[in-house]
Amino acid sequence: MKKIQLLLPFLFISFLLQAQEKYTISGYVKSASTGEELIGATVAARAISVGTSANVYGFYSLTLEKGTYEITYSFIGYEEITKNIVLDDNKQLNVELAEQVNELEVVEIDGERDEANIKSVEMSVNKIDSKTIKKIPALLGEADVVKSILLLPGVSTVGEGSTGFNVRGGGIDQNLVLLDEAPVYNSSHLFGFFSVFNPDAVKNVKLIKGGIAPEYGGRLSSILDIRMKEGNKKEFTGSGGVGAIFSRLSLEGPIKKDKASFLIAGRRSYADILARPFLNDNLSGSRFYFYDLTAKVNYEIDPKNRLFLSGYFGRDVFGSGFLFNWGNATGTARWNHIFNDKLFMNLTAFYSDYDYAFGVEGDGEDDFDWSSSIVSYSVKPDFSYYINNNNTLKFGGQSIYYNFKPAVAEFISDGQTNSLSLPEKFGIENGLYIQNERQIGSRISLLYGIRWSHFAFLGEGAKQVYRDTIPGIRKDLESSTEFDQNEVIADYNNFEPRLSIKYDVDEFSSVKASFNRMSQYLHLISNTVASTPVDLWLPTTNNLEPQIADQVAVGYFRNFSKNKYEASVELFAKDFQNQIDYIDNADIFFNEQLEGDLLSGDGRAFGIELFVKKRTGPLTGWVSYTLSRSERQVEGINRGDWYPTRFDRTHNLSVVGSYEYNPKWSFSANFVYSSGTPATFPTNRYEIQGVILPHNIDQARNNYRIPAYHRLDISATLTPQNREDKKIKGEWVFSVYNVYNRRNPFSIFFDQNENNPQVTEAIRFAVVGSFVPAVSYNFTF
Amino acid sequence: MFLLFLTISLSKTMKKFIYIFFLALTFSACEDVIDVDLDQGESQLVIDAFVTNDSTVQTIRLTKSADYFLNAPTPAATNAQVSIVGPNSLIYNFVSDQTGNYLYDPNTTGALDSIGYPYKLEVLYDGRTYTSISILNPVPTIDSISQSFEEEELGSEEGYYTQFWARDFPGREDFYWIKAFKNGKPIDTVDNSNLILSQDAAFSGNAADGFAFILPIRAAITNEEEPFEVGDESSVELLSLNAEVFEFLEQLTIQANNGGLFSTPPANIRSNIKDASGNSQDEVLGVFSMSAISRASETITAE
């Protein structure tokens, strides 16, 4: 009787459960020396070939059948740990891994598990970590996050001095650049020479060019997901450096050991401070500097709740008698909450203000000030539900409220003040997604899901309707209707299906394919050859429809010599809708009827990317080659025929290498080659009022290609071998940018000769026309 | 328009500043003349017709467009008939001087000075007729030109800087072209393509209606690289334009000053002169503008 009584509950429970009981082990994987979460660390029961990886917050969840297991925790560059675990209940286990002592044979160049290239269902993804970024020789010795990703397949720019970058035939506004989950609108200082990200504070950089998962949305061509360090939880440390342009300092440390920490990282250019003594009185009022500052605090409230607060501020100021001033400021709060061993949530809220201003420094009687900004507020919950080994479900959403101030100007003329401004624009962008990453058998992985996105163009504002005309001519305003605050002027919905599949051919190779549809509701309006900081961001309106892109990608991935070499070949094809272009001589600035100058058309891009990387050993590096084409077709431009985009580069080759000669010296080099970008050249000239003007008889756009771009950079790093106990460690970096002095043309334009105005010339403008040597010193303590 | 503003009043200072900064940074931003092979397009008629209500001889110039690297004056179009139709069907004939210029002397049948009238240009050339209409808009008088001595600054030399004082007409949308001279010659003797243009009193209308011309425009009449010295004469011509011509001149300024970091893709400038038969194949280049003109000048005295 007793036995039956004991048996019944047992049967009842086993009826509720699966045939075999499963339990979950979950927790955080962190670094033993700093307490930083190890993004993507592997947690595996190797004996049964089952594993998972830690998410961007270092959280992992592994569900196994009841039993005893050897669970191995590993992360490149760290000593792996194996724990013997008796799994008879759900367990929480946080693990800390110790950094490997740097032996010559094991020098990693990315923080990824060895076979991630083939095993992960992700394709079209490149990751770079801070160490690699700092090794790549850079302009004036300033290591740069964005410049590093330019060396990856499928990524290019139109040249030095252009802000932004192009991915697989997409414009510079089609990349979602995220800094700890908050978007950055202008990722460069000083017209694109340097990015706004301080390499000392960066933990992880991930570029997604295709097969974009449903959790991301809002831009068509890529996601650049940058994660900054959280701050050393064990001890107070710092690092910094003095370079040719920036001086940098970052400080981090625990506020409460192992529970709370902070990070402050700042950079400032100091050319102006150095120059001040040499400027005469009249020039001493001139200002030119740029800075960025990141400040973060994180606190572990309890094992299930963590809070992160961060702020980023960056600004460029420059002028003399007039002043240019632009910058980003963001404030972000994030909350990690663990509901149970399988359900993890991150809730992000941020405020972002991107603004640019220009003024003439007058005397009160006469003055002029102009500014423009985008302010946005957002809430973004993301959930990860680790259902079982074979299924990881993610769902969540985002809502962003935008306030665009395209132009606010005030001028005082002869004592009279007045304001000129363009009306503000408002909008709200929403998204909801659900996706599942599923393992089928031992060879097939699938990531599938859908994102629903929505944009409403809101009042207060005007609904402008333009009269149709011959494409290519300015459209006149037919009517303008006023709407009240938060009234919907126009709205759009899009469903964005996403799918990625991976098939393991064998232990060392796999085939992957993906499809994604993306939509984009913000548009960068720029009429110049390279974008400038004063380019205008506009929301989708009743005239400007959302941009849409569909991308299909297929690739073959193979590792050689036990993951020593990683190689891949990927083909992609993209189709774009509602791409914005301008009529000839469009009036972009201060134009309340700007939409009448805009044209909409289709785009297409396709290409093949080859990539080989050597991951270990004293010599590491990679070769990346992309062959591609990117074109547009717009009624009213180029007589309606397809024409190449401004950033189309047929060949794009990068060779990057780094050699650890001995513990004291290491050397790096990179070589890049890319085909010239297209340009529009005239066929005829004519004269009006003594001025010689160009004319193109075919109304062609981008009918020529400027000469190819190629460049070699080298650098050497000297790390003096000090006594182990010496607190401050430093290294010297010597670099030369553009070693063989090539005058790479940024653009070719036509102008009258200064001495002989009758003579017109083709002038090649090179931004960097000689080799540029630099020395910098980096230290840590 | 704002870019125009940048390229006009600040291009010299700003471009210089940027180039100096980059030069200092990288020791290397540079421009070189190179050889390029361009396609050649067929030649088209070009009509350069800026006519004012002045009592001086008015000139309309007709030429043909040519190969881009001609590097010589473009050929004249001499066998045309050029006339302007005014109020009461009065026809003003412009007579060819056989070098491409067509002249009209107002001392014969009067100046073209009916403010508000839509004058019509007619050009007969090579069997085709081209027409255009331009309204003669009023222009404010220039009250005065003031002077002040300025020390050297980044991008500007030491010397006397002048400003002109005039007030835009309130209640209407106006467009102006301001021509500045030093001792009778354009202030920029090398490059005459940096036109000073304004919409009402500023570079964009609406709020600037009825104001005195704003500081950057008032001050644009001095060449920062060659300011005035004692004894020089600073003079200004203020011309009224209509919207189409203003747009044409804006585009002219952009296309003639394109280059460097902020260049825009070269584009054809739309003409306000059309083939009368409506046949768009026979495109003609150039512009017709009727302007009222007001003048002022000032001789620099020691301060």
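The values are calculated or read from the model by the stated rules, or taken from the named source; none is laboratory data. No experiment lies behind these values; they were computed from the predicted model shown. FYI the Cβ positions are ideal-geometry reconstructions off the backbone, even for glycines, and counts take in every protein chain you see.
Do you know which residues across region A:666-699 are assigned to a strand (DSSP E or B), under 30 Å from A:Trp622 (Cβ atoms) and not small (Gly, Ala, Ser)?
As a first pass, look at region A:666-699 and keep what is assigned to a strand (DSSP E or B): A:666-674, A:678-679, A:684-688, A:691-695.
Then keep just the ones that are under 30 Å from A:Trp622 (Cβ atoms); that gives A:666-674, A:678.
Across region A:666-699, the qualifying residues are A:Phe667, A:Asn670, A:Phe671, A:Val672, A:Tyr673, A:Pro678.
Under the condition of being away from every other protein chain (no Cβ under 14 Å), closer than 30 Å to A:Ala244 by Cα and touching a His at 6+ places or on another chain (Cβ under 8 Å), which residue from region A:290-321 is surrounded by the fewest Cβ atoms within 10 Å (Cβ to Cβ)?
A:Asp292
Among the residues of region A:384-443, what is the count of those that are away from every other protein chain (no Cβ under 14 Å) and among the hydroxyl-bearing types (Ser, Thr, Tyr)? Don't jump to the end; show me each part of the working.
The initial filter retains those residues of region A:384-443 that are away from every other protein chain (no Cβ under 14 Å), namely A:384-405, A:424-443.
Imposing the further condition that a residue be among the hydroxyl-bearing types (Ser, Thr, Tyr) reduces the set to A:384-386, A:392, A:399, A:401-402, A:433, A:442.
Of the residues in that region, 9 qualify.
Sort through A:Gly441, A:Gly472 and tell me the only one that's at positive phi and buried (at least 17 other Cβ atoms within 10 Å of the Cβ). Walk me through how you get there before you give the answer.
Working: A:Gly441 fails: buried (at least 17 other Cβ atoms within 10 Å of the Cβ).
One residue alone meets the criteria, A:Gly472.
Return the residues of region A:55-89 that are in contact (Cβ under 8 Å) with a residue 40 or more places away in the chain, part of a loop (DSSP other than H, G, I, E, B) and surrounded by 15 or more Cβ atoms within 10 Å (Cβ to Cβ); say none if nothing qualifies. Please lay out each step first, then the result.
Taking region A:55-89 first, the residues in contact (Cβ under 8 Å) with a residue 40 or more places away in the chain are A:55-57, A:59, A:61-66, A:71, A:73, A:75, A:78, A:85, A:87-89.
Restricting the remaining residues to those that are part of a loop (DSSP other than H, G, I, E, B) gives A:55-57, A:66, A:75, A:88-89.
Across region A:55-89, the qualifying residues are A:Asn55, A:Val56, A:Tyr57, A:Phe75.
Mind checking which pairs have a first residue in region B:116-128 that is farther than 16 Å from B:Thr52 by Cα and a second that is in a loop (DSSP other than H, G, I, E, B), Cβ under 7 Å, 6 or more apart or different chains?
Qualifying pairs under 7 Å: B:Tyr125/B:Ala77; B:Arg128/B:Asp282.
Take region A:694-727 and flag every residue that is touching a Gly at 6+ places or on another chain (Cβ under 8 Å), among the aliphatic types (A, V, I, L, M) and at pLDDT 90 or above.
Listed by number, the list holds a single entry, A:Ala708.
Taking B:Ala201 as the residue in question, decide whether it is away from chain A (no Cβ under 12 Å) and among the small types (Gly, Ala, Ser). Please lay out each step first, then the result.
On the way: away from chain A (no Cβ under 12 Å): no; among the small types (Gly, Ala, Ser): yes.
Taking the combined requirement at face value, the residue does not satisfy it.
What number of residues in region B:98-129 are within 18 Å of B:Gly286 (Cβ to Cβ) and among the acidic types (Asp, Glu)? Before the answer, list the steps.
Step one: filter region B:98-129 for residues within 18 Å of B:Gly286 (Cβ to Cβ), giving B:99-104, B:119-126, B:128-129.
When the remaining residues are screened for being among the acidic types (Asp, Glu), the result is B:122, B:126.
Result for region B:98-129: 2.
Which one of B:Asp191, B:Asp168 is over 24 Å from B:Ile300 (Cβ atoms) and either within 14 Å of chain A (Cβ to nearest Cβ) or not small (Gly, Ala, Ser) (or both)?
Values: B:Asp191 fails: over 24 Å from B:Ile300 (Cβ atoms).
That would be B:Asp168, the only listed residue that is over 24 Å from B:Ile300 (Cβ atoms) and either within 14 Å of chain A (Cβ to nearest Cβ) or not small (Gly, Ala, Ser) (or both).
With (1) closer than 30 Å to B:Glu244 by Cα; (2) in contact with a Ser or Thr (Cβ under 7 Å, 6 or more places away or on another chain); (3) surrounded by fewer than 17 Cβ atoms within 10 Å (Cβ to Cβ) as the list, and A:Leu477 as the residue in question, which single condition is left unmet?
It fails just one condition, (2).
Among the residues of region A:730-743, which ones are in a loop (DSSP other than H, G, I, E, B) and either buried (at least 22 other Cβ atoms within 10 Å of the Cβ) or within 7 Å of chain B (Cβ to nearest Cβ) (or both)?
First pass over region A:730-743, keeping only residues in a loop (DSSP other than H, G, I, E, B): A:738-743.
Of everything in region A:730-743, those that are in a loop (DSSP other than H, G, I, E, B) and either buried (at least 22 other Cβ atoms within 10 Å of the Cβ) or within 7 Å of chain B (Cβ to nearest Cβ) (or both) turn out to be A:Asn738, A:Arg743.
Looking only at residues that are surrounded by fewer than 20 Cβ atoms within 10 Å (Cβ to Cβ) and within 24 Å of A:Asn744 (Cα to Cα) in region A:689-707, which one is farthest from the other protein chains (Cβ to nearest Cβ)? Write out each step before concluding.
First pass over region A:689-707, keeping only residues surrounded by fewer than 20 Cβ atoms within 10 Å (Cβ to Cβ): A:689-690, A:697-699, A:703-705, A:707.
With the extra rule that they be within 24 Å of A:Asn744 (Cα to Cα), the set shrinks to A:703-705, A:707.
Numbers: A:Asn703: 8, A:Tyr704: 8, A:Arg705: 11, A:Pro707: 8 Å.
Per the criteria, the residue is A:Arg705.
Does A:Thr677 qualify as being closer than 21 Å to A:Val768 by Cα, surrounded by 17 or more Cβ atoms within 10 Å (Cβ to Cβ), within 14 Å of another protein chain (Cβ to nearest Cβ) and of a type in the set (Ser, Thr, Tyr)? Lay out the reasoning, then the answer.
Details: closer than 21 Å to A:Val768 by Cα: yes; surrounded by 17 or more Cβ atoms within 10 Å (Cβ to Cβ): yes; within 14 Å of another protein chain (Cβ to nearest Cβ): yes; of a type in the set (Ser, Thr, Tyr): yes.
For A:Thr677, the condition - closer than 21 Å to A:Val768 by Cα, surrounded by 17 or more Cβ atoms within 10 Å (Cβ to Cβ), within 14 Å of another protein chain (Cβ to nearest Cβ) and of a type in the set (Ser, Thr, Tyr) - is met.
Evaluate region A:587-603: report whether one residue or more is of a type in the set (A, V, I, L, M, F, W, C), in a strand (DSSP E or B) and within 30 Å of A:Met123 (Cβ to Cβ).
So the first thing to find is which residues in region A:587-603 are of a type in the set (A, V, I, L, M, F, W, C), and the list is A:588-590, A:594, A:598-599.
If we keep only those that are in a strand (DSSP E or B) as well, we get A:598-599.
Still in the list and also within 30 Å of A:Met123 (Cβ to Cβ): none.
No, that holds for no residue.
Any residue at all in region A:541-564 that's assigned to a loop (DSSP other than H, G, I, E, B), among the hydrophobic types (A, V, I, L, M, F, W, C) and within 26 Å of A:Trp370 (Cα to Cα)?
Yes.
Could you check B:Lys120 against (1) touching a Phe, Trp or Tyr at 6+ places or on another chain (Cβ under 6 Å); (2) within 21 Å of A:Gln689 (Cα to Cα) and say which number it fails?
(1)
Being assigned to a loop (DSSP other than H, G, I, E, B) and within 7 Å of another protein chain (Cβ to nearest Cβ) is the filter; apply it to region A:745-781 and report the residue that is farthest from the chain's Cα centre (by Cα). Can you show your working first?
Initially, region A:745-781 is screened for residues assigned to a loop (DSSP other than H, G, I, E, B), giving A:753-759, A:767-771, A:781.
Filter once more, keeping what is within 7 Å of another protein chain (Cβ to nearest Cβ): A:754, A:758-759, A:767-770.
Details: A:Glu754: 43, A:Gln758: 47, A:Val759: 45, A:Val767: 24, A:Val768: 25, A:Gly769: 28, A:Ser770: 29 Å.
Only one residue tops the list, namely A:Gln758.
Regarding B:Phe213, is this residue surrounded by 21 or more Cβ atoms within 10 Å (Cβ to Cβ) and within 11 Å of another protein chain (Cβ to nearest Cβ)? Outline the logic, then answer.
On the way: surrounded by 21 or more Cβ atoms within 10 Å (Cβ to Cβ): yes; within 11 Å of another protein chain (Cβ to nearest Cβ): yes.
Yes: the conditions hold for B:Phe213.
Of everything in region A:708-727, what is touching a residue at least 60 places away in the same chain (Cβ under 8 Å) and surrounded by fewer than 19 Cβ atoms within 10 Å (Cβ to Cβ)? Give them in sequence order. Don't jump to the end; show me each part of the working.
We begin by selecting, within region A:708-727, every residue touching a residue at least 60 places away in the same chain (Cβ under 8 Å); these are A:709, A:713-715, A:717.
Selection gives A:Ile714 alone.
Please list, ordered by first then second residue, the pairs with beta carbon atoms under 8 Å, 6 or more apart or interchain, first in region B:51-70 and free of Cβ contacts under 8 Å to residues at least 12 places away in the same chain, second of a type outside the set (Val, Ile, Thr).
Listed by first residue and then by second, the contacts come to B:Leu70/A:Arg685.
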